[in-house]
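Beneath this line is the structure, given in C-alpha cells, with notes to follow.
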Amino acid sequence: MRTAGRVVVAVVVSIAATAACGSRAKAPPPAPTVPTDAASVTTGGALLTDAQLATFIAEHRQDAWYSLYLSTRKAGWAHIEMRPTSAGEPGAYLVQALAHLETNDDGHLSVMELSDVAYYAGAPPFGLVEKRQVETSDAGRTERAYRARPDHVELVITTDGQAAPPRKLPATAETVVSQALSMAAPATLRPGQRTSYATFDDDAEADQRTDVTVAAVADEVIAGVKVPVVTMELLEDGDSVPMRIRIADGVALAIALGPGLRLDLADRAVAQSAIEAVSMMDTSVPIDRKLGDLSQRDEVTLIVGAAGDLALPTGPTQLAERLPDGRQRVTVRRGPGAEVTAAERTRGLAPTAAFDADAPTIAARAQQIVAGATTDRERIERIVMWVYTNLGKDLSTELASASQVLSHGRGDCTEHTLLVVALARAAGVPARDVGGLMYEDTTGRFYWHAWAQVALDGRWVAVDGAWGQPVADVGHLTFDIDGRGNASSAMGTITIAAAR
C-alpha cells in the first residue's frame, strides 16, 4: 500500500493543479454535431489571447475543497487555491494544490501530505517563475524549489532542514495557459475541440506534453439550477487513461483518473471528515486460485481485467494481449526484457530529486558495495542484496529520496527501490523504477509493489531489493515504468485469474 499511497498522493496533486484549467468559464449549450474539420483542432497558445490571460491573472480567485476517493473508500482530501500573489511572493499569480492521504498498515496509522505551489509571471508569455513542493510524512519533510531561469531550471532540495547544492535542469516552457484554458471563448466550445500545452513534470524533471480534449458540453441541473457543464479529458505523455474533469461555472465539480481514483467537490468540513484509512489489504487483488511458489518458474500467464481502457506495458518479459471480452491475457516471463535505447540509458544514469545518485553518501556507499566487481551483473547483484540485507523492513516509512533512505536505514518496497536505483546509477549502471502488483502465495493475492529495472547487456532486467531478488520472479505484474503509466486509475477495479 505504500507504493499505492505515494502514487495516489502524487497523482492527486497533479490532478488538483490541473483541475484549475476549468476556472471561470461558462460553457455554451450542447453542440448539435461534433466538429471533425481541422478548425476544431488548435494549440493552447491559439486558444487564449494575452489580454484574456492578463485578466485571468489579475482577477481570478478560487478556494475549493474535494473529498478523495480510492475506489469506493474515502481515503483523504484535496485543496486547490488560486489567486494573485501577495507581497513577498514571486511572480504575479499562484496555483496551490494540497493532497492528504491516510493509510493503516498493521495497526499503524500514517498520514502523508504533498503540496505543490506554482507561481507565474504577470506579463507575456506568463511563464512559470517558480514551483515549490513539500512532502511531509511520519518520517520527515522534504522541500523542493524549482526556479525558472532563462536557460534552465534551478532545483534546490532541502531534507529535514538540510539543503543540497543547486542542480541545473532543462528550461521549461510551462505558462499559466495550463491553468486558464477555460478563458478561451467559452461560447465557441464544442465537443472534439483539442489543445495541448507543456507542463514541468517533477518526476521527469523536464517538460511533458498534456493533450486536452473537450469531451462534452451539456446543460445539467445542479442544486436546482440549470447550468452548462463542460467535460474535459487530459492525457499526459506516457499515459493511456485520460484524466476527466467536469466543470461548471468556473469550478471543477469532479476530477477522475479512471474508476479507481476521483475527487468530488465538497465543503471543507465534509471533505476533511469521515476519512477511512486504506490498508494493503484494501487495495490488494485476489486471484481465483493460488499459483504456488513462483521463484523457480520461467513464466506465468494471467487473465487481467480492469474498468476502463487500461493499457499494460508489453514486451519480451510481459506480453499483454487484449481478449474479445475486454480483459487482457498477460504472460510474464523471467529474464532480459526490452532493449535499452540511447535516451533510456541517458535518463537511467541521471540523478534526480528522488534518485539522488550524486549525493556524496550514495556515491560513497555505491563504490564500497561494488568494489572489486568486474561486471555490471555482479555490481547489480551486490547492490540488490546489500539493500535487502541492510535496509530495515518498515511499512510505516515514507521517505522522498534515496539519500534519506540510506540515512534512516529502513523502509518498504518504495524505499528499497529508491536506494537500488540510486546506487545502481552511482555505480554506472542505468536503472529505473517500476510499479505494479506482486503475487504473495500465502494469501493468494497480488499487492501493490515497487521494484526496479537495470540495464544489463543492453536489455532491461527486473530486480527486487525488497525481496532480495537479483532477477525478479514472474509474480511481478508491471503497470508503470519510470513514473509513467496508469496504476492509480485501475485501483479497486482489477480482477486477476490464472489462465486455464
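Read the figures in this text as sums done on the coordinates, not as results from a lab. From a predicted model like this one, the values you see are computed outputs, not experimental measurements. Please note: Cβ atoms are built from the backbone with ideal geometry, for glycine as well, and neighbour counts cover all protein chains shown.
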Report summary line: Note: Gln272 to Ala338 extended length (0.36 nm per residue) minus current alpha-carbon separation gives 19.3 nm
Report summary line: Using eta = 1.306 mPa s and T = 10 °C, Stokes-Einstein with Kirkwood Rh from Cα pairs puts D for segment 285-498, in µm² s⁻¹, at 91
Report summary line: Summing +1 per Lys or Arg and -1 per Asp or Glu among the other residues with Cβ less than 14 Å from Phe446's Cβ gives -2
Query - Chain lengthening between Ala371 and Lys393 when straightened (0.36 nm per residue, less Cα-Cα) - result: 5.3 nm
Query - Relative contact order %, the chain, counting alpha carbon pairs below 8 Å whose residues are six or more apart - result: 17
Query raised in the report: Looking only at Cα atoms, what is the convex hull volume of segment 320-389 per residue, in Å³?
Result: 170
Requested in this report: Just check the chain against the gyration tensor rule for me: Cα atoms, a ≥ b ≥ c as the square roots of the eigenvalues, rounded for a/c under 1.5, and otherwise prolate or oblate depending on whether a/b exceeds b/c.
Outcome: prolate
Requested in this report: Using the Kyte-Doolittle scale, find the helices of the chain whose mean hydropathy is at least 0.5 and whose Cα atoms extend 15 Å or more along the helix's long axis, counting only whole DSSP H runs.
Outcome: 2-18, 413-426
Requested in this report: Just add up the charged neighbours of Ala366: K/R +1, D/E -1, any other residue whose Cβ is under 15 Å from the Cβ of Ala366.
Outcome: -1
Query - Local net charge near Trp65, Cβ-Cβ under 9 Å (Lys/Arg +1, Asp/Glu -1) - result: -1
Report summary line: Rounded to 0.05, the calculated FRET efficiency for the beta carbons of Asp298 and Ala364 at R₀ = 45 Å is 0.75
Report summary line: In the chain the DSSP beta bridges are antiparallel at a rate, in percent to nearest 5, of 95
Query raised in the report: Hey, what number do you get for the chain at 222 nm if only DSSP H runs of n ≥ 4 count, each worth -39500 (n - 2.57), divided across all residues, to the nearest 500?
Result: -5500 deg cm²/dmol
